[in-house]
1. Just checking, how many residues over the stretch A:161-179 are touching a residue at least 40 places away in the same chain (Cβ under 8 Å) and under 20 Å from residue A:88 (Cβ atoms)?
2. Of all residues in the stretch A:108-157, how many are at the interface with chain B (Cβ under 9 Å from one of its Cβ atoms) and over 30 Å from residue B:41 (Cβ atoms)?
3. Here is a check on your reading of the model: is residue A:76 touching a helix residue (DSSP H, G or I) at 6+ places or on another chain (Cβ under 7 Å), in the same structural domain as residue A:240 (by TED's automatic domain parsing) and either within 23 Å of residue A:184 (Cα to Cα) or at pLDDT 90 or above (or both)?
4. Does residue A:200 satisfy the criteria of being in a helix (DSSP H, G or I) and under 23 Å from residue A:238 (Cα atoms)?
5. Within the stretch B:241-255, does at least one residue satisfy the condition of being touching a strand residue (DSSP E or B) at 6+ places or on another chain (Cβ under 8 Å), over 21 Å from residue A:125 (Cβ atoms) and either away from chain A (no Cβ under 11 Å) or at pLDDT 75 or above (or both)?
6. Wholly within the stretch B:1-97, which helices (runs of 4 or more DSSP H) include no fewer than the required count, namely at least 1 residues that are within 14 Å of chain A (Cβ to nearest Cβ) and within 18 Å of the chain's Cα centre (by Cα)?
7. Looking at the stretch A:353-373, which of its residues are out of contact with any helix residue (DSSP H, G or I) (no Cβ under 9 Å at 6 or more places or on another chain) and either within 17 Å of residue A:306 (Cα to Cα) or loosely packed, with under 12 Cβ neighbours inside 10 Å (or both)?
8. Grab the helices (runs of 4 or more DSSP H) fully contained in the stretch A:225-295, keeping just those with 2 or more residues being within 28 Å of residue A:83 (Cβ to Cβ) and within 15 Å of the chain's Cα centre (by Cα).
């Protein structure tokens, strides 16, 4: 086959090139996208990537479905914010700003030491429920102690304090971006390195076959606990960077279960079984919350719909979608899928148009009555008071839905046939 | 604190606890049969309240009380048939994730159809007013109605599970699904029935709680985490454990909300005055009523440390 991704990934130089490209991409990005909104997206993506990767240490690599990851990012952000405030108040100890994320990391790690002891006693479904309970506990507590958690107004701090470091005072957003980017590359590399350590390997083994891990003499509980602490530390770093980026933190929001849920959602959407999956997921999270939320107010509904469809049809996430398609292209069988693919894409776009028209019309009549009955949808002007439009929209969606189902079945049969053929070919290759 | 307060709080606590049990019973049954932690269980509860509210305007409260749970049960059964069964082969995590996704969707759809504010789901005339008055404290009819429905439901479910043929098949499918399948029963259909039944029970709870409390989009999240606590504290998969834990948490929370006692007020008569200058004042002056929201979760943590399998749970794999 000559050239394949897996070979590039395995060779030393191949790896070095991928990492350099990642770092260079983060370095060049602000030069390519100069608008203010691009800066916002890039800065947020930098630390959300760290957070999603740290979540995946639990979810993808350890098989631990946590519903309380926001506790560790949130505490990281809070403690980082208090550290920044203390430093700004002058006198006493003052941590230089580039080290503030580490303060957040230590805070997140400390909380993981504390809570991980209880949560990692169990695995599987019980683990998920305990993390949910602890997440709720902390979220409820944040309202009980307004002094520390900031209450409704949140905790504020100024990131510009002390002497400028090498001429950087971190006032301009671009300097903050580069600080985030450096942390992003270093943390990503460290978390990748973690997957190669004996502990990282044991964690995978604990996910796949806990009895055997116990049998060869390791405590699965201890492995989970240690991994939990590592994850909490990196989550805290991500939270600390968020604190620097926003200069305000609202504990009610950043410790909430909804926040934890969004980390889970997007890590899954990116692809939990691949190391790059959470990076894709993190970028999707930021793009969705900045761009999609600007486009439509019903964005959470679309995200939920997309999530349910992905769990049902692509449980490996976007990363596995890319990987399997690359494999199909390499097998030289992709040409057979071109027609089904075109059918699938045309049908999906048509169905999405119909569905989103219905959703947007409902949304308009429910929440935007003050703007009058007329709304704009994809450049067209629509009068939501005309019942003909509603009937047409419902009929069109039903029709296109049936077409989508047909296109889906056709694509699936072609796809599964190719997968079978590829499996058979692989079996022949393996045989000596 | 007097006798009247204790009696009324106890009654309120029991009615809230029984409501929690109506929810956690379905959740526990689904969990012990299918190994699926249904994250969307509280969403079915919310749907029940909204369906009953909408149907009440058309067909009246009492028919709505029956139709709404049936409709939600149908939705639950369809969801099991076309969604959950599909992801079953991807493992328990995928199953949990799809119910998590469903809870997300239900919340958004409810907000889309009924709006973000609470809807005016009123009590029917027969349930308005007070049932009895004890030392000037009134006990409303609607709460006693919740207790009545919950007890009837408890008896009905118990009879169904132990005294009918289908109940025996459900129990057998719980212990040994392969053998039941080998005997010619359609186990996937039994699962669909149980899932739909659990959803209908949750919806019934929603239909009677929606007008006693408030029908709003956040009502699912408000009980969602609590019923998970109930299921873990009672012991995963133990129906009787869920019953004990529901009552316990219902009563503890109801009492806690009414108690304005903090460490500081307890120390006051002993001659120790706690002033804001003392370290940890925020913690010492915290009243029990302020702590009420976190009590179930504290309870959960304590149970997990001292009795990891729950109150009445047995060792599971």
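The values are calculated or read from the model by the stated rules, or taken from the named source; none is laboratory data. It should be emphasised that the depicted structure is a prediction, and the values quoted were computed from it without experimental measurement. With ideal geometry, Cβ positions are generated from the backbone for all residues, glycine too; neighbour counts draw on all protein chains shown.
1. Final tally of qualifying residues: 7.
2. Within the stretch A:108-157, residues that are at the interface with chain B (Cβ under 9 Å from one of its Cβ atoms) and over 30 Å from residue B:41 (Cβ atoms) number 4.
3. Details: touching a helix residue (DSSP H, G or I) at 6+ places or on another chain (Cβ under 7 Å): yes; in the same structural domain as residue A:240 (by TED's automatic domain parsing): yes; either within 23 Å of residue A:184 (Cα to Cα) or at pLDDT 90 or above (or both): yes.
In short, yes.
4. Against the criterion (in a helix (DSSP H, G or I) and under 23 Å from residue A:238 (Cα atoms)), residue A:200 qualifies.
5. No, every residue in the stretch B:241-255 fails to be touching a strand residue (DSSP E or B) at 6+ places or on another chain (Cβ under 8 Å), over 21 Å from residue A:125 (Cβ atoms) and either away from chain A (no Cβ under 11 Å) or at pLDDT 75 or above (or both).
6. B:3-34, B:41-59
7. Residues of the stretch A:353-373 that are out of contact with any helix residue (DSSP H, G or I) (no Cβ under 9 Å at 6 or more places or on another chain), as a first pass: A:360, A:365, A:368-370, A:372.
Selection gives A:360, A:369, A:370, A:372.
8. A:257-270, A:277-287
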